[in-house]
1. Across the chain, how many lysine pairs, 8 or more positions apart or on different chains, have C-alpha atoms separated by under 26 Å? Please give the number.
2. If the chain between K66 and V143 were fully stretched, how many nm would it gain, using 0.36 nm times the residue separation less the Cα-Cα distance?
3. Helix 209-230 versus the longest principal axis of the chain: what is the Cα-based angle in degrees, 0 to 90, to the nearest 10?
4. Would you mind working out the accessible area per residue for the chain, using a 1.4 Å probe, and quoting it in Å²?
5. Which chymotrypsin sites (Phe, Trp or Tyr not before Pro) from the range 138-240 combine a DSSP loop assignment with at most 16 other Cβ atoms within 10 Å?
6. Using only Cα atoms, what is the ratio of the radius of gyration of the range 43-191 to 2.2 N^0.38 Å?
7. Place a label point 7 angstrom from the Cα of S82 along the Cα-to-Cβ direction, then list the residues of the range 112-134 whose backbone nitrogen is under 13 Å away.
8. Can you list residues whose amide H is under 5 Å from M129's amide H, if they're 5+ apart or on another chain and H is modeled 1.01 Å from N?
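The values are calculated or read from the model by the stated rules, or taken from the named source; none is laboratory data. Please read these numbers as outputs of a predicted model, since none were measured by experiment. Every residue, glycine among them, receives a Cβ derived from its backbone with ideal geometry; neighbour counts consider all protein chains shown. For accessibility, only protein heavy atoms count, side chains too; no ligands or nucleic acids. Shrake-Rupley method; radii C 1.70, N 1.55, O 1.52, S 1.80 Å.
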Amino acid sequence: MDSFTSFSPKALTFLRGLRKNNRKEWFEAHRAQYEQELKAPLAALIEEMDVHLATIAPEIVGSPRKSAFRIHRDVRFSKDKSPYKTHVACWFYHGDIGTRMQSEAVHGGAGFYLHVSPGECFCGGGIWMPPRPALNKIRDALVHDLAGWNDIVGDKAFRRRFGELDQEGMLTRVPRGYAADHPAAAWLRYQSFTAGAPLSDDEITSPRLPQLLARHYAAMTPFVRWLNVALGLAPRHSRL
């Protein structure tokens with residue numbers, strides 16, 4: 001595999017074209033462009049980021065085969081029958097469990113994410129809409145280590161870089177079994193625990209993208225590790 005150099009601006013041009021022409025005929029006519037400008041560079045980036053993660057968070061790994069999301073959409077239960085996603089993305093996951101995916105929901109621990117879409121690029125981390133057993137473990141950890149959690153998500157540097165956690169799917173009330181005035185009440189209403197930072201198109205197409213991602217992921221490591229420890233997934237000090 002070639003080493004990562006950068007995503008070419010042609011990669012974003014392809015995605016813009018796919019957004020306007022989301023049809024199998026158009027995609028097949030431009031498949032070579034997709035393979036050259038997006039699929040191959042993404043695989044090379046995943047390989048390079050795996051090297052960075054070996055020193056940042058050795059328990060988190062990347063694999064071109066497992067980390068890259070398929071560009072084909074699952075349209076079985078969707079009214080929108082467009083066959084392709086108009087972005088590319090990848091997921092770096094805890095090595096003890098690999099990836100367990102159900103549709104677009106990644107189950108199997110907290111990790112790091114990259115999303116490439118013209119004008120809507122970002123990187124992030126955490127765990128999105130975990131299944132109930134995992135969510136219950138996180139809620140139990142919030143009850144028992146609220147101070148540790150607040151130290152991480154309330155840290156000024158964390159908030160400057162990532163802002164507030166995503167509130168997608170947040171409950172309007174504290175879940176059953178917890179007092180409405182529980183000290184962790186606000187966090188117990190969350191059903192996802194993710195944070196992220198936007199990336200400009202220029203940053204995505206820069207040869208310095210791996211170094212930028214490494215800085216973001218390093219800053220997010222305490223957050224991801226706290227979630228994984230809550231799920232019974234331990235941090236590592238090395239890959240050995």
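1. 21
2. Length gained between K66 and V143: 24.4 nm.
3. So the helix axis and the longest Cα principal axis differ by about 30 degrees.
4. Per-residue accessible area for the chain comes out at 52 Å².
5. Answer by residue number: Y178.
6. Cα Rg divided by the expected 2.2 N^0.38 Å: 1.16.
7. 117-118
8. Counting only residues 5 or more places away or on other chains, the set is S192, F193.
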